Amino acid sequence: AMPMECRGILARWEAHEGMLTCWISTQGPIPIRNGLAAIFHLPEHKVRVVAPDVGGGFGTKIMMFYPEEILTPFAAIRLGKPVKWIEDRRENFISSNQERGQLHEVEYAFDDQGVLVAVRDKFLHDTGAYTPYGIIVPIITACTLPGPYRLKHYYSEFTVLYTNKVPVSPYRGAGRPHAVFIMERIMDRIAKELKIDRCEVRSRNFIQPDEFPWDVGLVYQDGGPTKYDSGNYQAGLDKLKAMLDYDNFPKLQGEARQHGRSLGIGIGCYVEGTSIGPYEGANVRVESDGRVFAATGVTSQGQSHATTFAQIVADQLGLSPGDVLLTEGDSQAFNWGVGSFASRAATVAGSALHLAAVKVRAKAKQVAADLFEAAPEDIELAGGRVFVKDAPHRFLTLGQLAISANPLRYAYGENARQLMSMKLAGPRPGPALPPGRGAPGLE
C-alpha cells in the first residue's frame, strides 16, 4: 500500500527577514526543519516547516531527506522567488522508499505436545542503495518474531545488503509483517505435523497472564528493552474464535465444497511495537476569548487528530472540542518533537497534550480560588465557565480568567505569570507493545 497523494513541496525565501518557509508533505516537519537549518546555515527559528493535511503517509513520507526537500528550498533561496515541486505518480513509483526484501532461513524445535522449544533465524535484509535509517527495519523484525509466545531459546542473526534498489526506510509495518509471517508459519507447521488444531497449538505456546512481565531479551529500535508488561492472549483468541464461529468452520467448509466452493481460514497472532519514543511535547494556552490553543509537533495523515486531540484537551478544561484550536505539524507553533509514525501520535503526543491540559486546569483553579476566595478543590470548570461548586451563578468565563491571570499592568498573585499557558515536553520510557490477532477468510 502506498499513499494516493504524491509528495509536494513549496518553498519561500524572505531575503529581508532571512526567513525560509517550506510547506512539505512530510511526517516529520521538525526533524526536516532541523536539517534544513544545518544545511543552509540558518538559525532554527529562521526556518519554518509546515506539514499540512497531506493525506496518506505510511512511513514513506518521513524520509530525511528526499533530494527534492533540499533542492526546492535551495532553488527558492538562489532565485529569491517561491518554488514549487509536485511529484507525479510515475516518479512516486520509481523513487519512493520501499521495504519487504528479506530472505529467512529458519530452524525450530518443538516437543510432542506442540510446545515450541527453540528458534534459530538467520536472514538477509535488502536495504537498497542507502541506509537513511540505519538498520532499524531488520532490528524490528528480529524483535517482533517471538510474538505472544513463550519462546525461551531464540537466536537471531541478520546481514544487511546494499543493492541497486531505492533506499529502505520504515514503511507500512516496518519489518513486523515479515516476522509475524515466519512465526505463524512455524505454528501452522507444528499443527500440521502433530495433527493438532492450529488455535490449540497457539494456545499451548501463549505467554500466560501470570508470567508477565515477559522479557523477550532483545533491544528494540528505540534502544529500550523488548519487554511485555501485561496481556491475556488466550482471551483475545477465544473472543476471535467466538466471533468467527470457528469450531463450526469445518462443517461450513464441507458444505461449501459440495457446491463447488473452496473456503479457507487463516490464523495470525502478533505483538506489535508501537508508540516509540523518545519524546513529544505540547503547548496548551487559554486565549482571551475563552477558546484554547493547542499545538504539538506531530502531523496528521488521516488519524482524526483534530477530533481526538481536541477531546483530550477539552475534557480537562470543561470545553466543547469545537472550542479547541489545534495546530500540528508547524515548527513555528511548536518547535520540538519527532513526528507521526509507528502508531505513536495519540499515545505520545496525546499524553503530552493531556499532561499540559492538566497543568493548565490546575493553574486555572488556583487563580479562580484566589478571585473567589475559595479553596482550589472547590473550583469547577464546565461549559467554558469557572465557578465554585455550590455557587455556579457566580462564574467567570475561561477567557475572563485568562485575562485576570495576566492583565496588562500587573499579574494577579504569585501563580499568575503565564498562568493559563503550559508547554510540556519529555521522554517516553519505552515502546507500547499491544497484542493483535486476526483470521482472514479466503474463498
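The values are calculated or read from the model by the stated rules, or taken from the named source; none is laboratory data. Since the structure is predicted, the reported quantities are computational estimates derived from the model, not experimental observations. Reconstructed Cβ throughout: ideal geometry from the backbone, glycine too, with neighbour counts over all protein chains shown.
Per-structure values
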{"read-out": "From the options V284, V360, residue that is closer than 27 Å to V47 by Cβ and surrounded by 19 or more Cβ atoms within 10 Å (Cβ to Cβ)", "value": "V284"}
{"read-out": "Within the range 328-385, considering residues that are among the polar types (S, T, N, Q), touching a helix residue (DSSP H, G or I) at 6+ places or on another chain (Cβ under 7 Å) and outside any helix (DSSP H, G or I), the one modelled with the highest pLDDT", "value": "S331"}
{"read-out": "Hey, I30 out of contact with any Pro (no Cβ under 8 Å at 6 or more places or on another chain), touching a residue at least 12 places away in the same chain (Cβ under 8 Å), under 22 Å from H305 (Cα atoms) and of a type in the set (A, V, I, L, M) or not", "value": "yes"}
{"read-out": "F158 being touching a His at 6+ places or on another chain (Cβ under 7 Å) and touching a residue at least 12 places away in the same chain (Cβ under 8 Å)", "value": "yes"}
{"read-out": "Odd one out for E107 among (1) buried (at least 18 other Cβ atoms within 10 Å of the Cβ); (2) touching a strand residue (DSSP E or B) at 6+ places or on another chain (Cβ under 6 Å)", "value": "(1)"}
{"read-out": "Exclusive hit being outside any strand (DSSP E or B), over 25 Å from L20 (Cα atoms) and out of contact with any Ser or Thr (no Cβ under 8 Å at 6 or more places or on another chain), set G114, G59", "value": "G114"}
{"read-out": "Pair list, Cβ < 9 Å and 6+ apart or interchain, from the range 344-366 residues that are hydrophobic (A, V, I, L, M, F, W, C) to residues that are assigned to a helix (DSSP H, G or I) and modelled with pLDDT under 90", "value": "A364/A402; A364/A405"}
{"read-out": "Candidates D222, D238 - the one that is assigned to a loop (DSSP other than H, G, I, E, B), surrounded by 12 or more Cβ atoms within 10 Å (Cβ to Cβ) and either outside the structural domain of P321 (by TED's automatic domain parsing) or among the acidic types (D, E) (or both)", "value": "D222"}
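Here is a yes/no grid of residues against (1) more than 18 Å from E107 (Cβ to Cβ); (2) of a type in the set (S, T, N, Q); (3) part of a loop (DSSP other than H, G, I, E, B):
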site	(1), (2), (3)
Y155	no, no, no
T159	no, yes, no
V166	yes, no, yes
A174	yes, no, yes
A179	no, no, no
E184	no, no, no
R189	no, no, no
I196	yes, no, yes
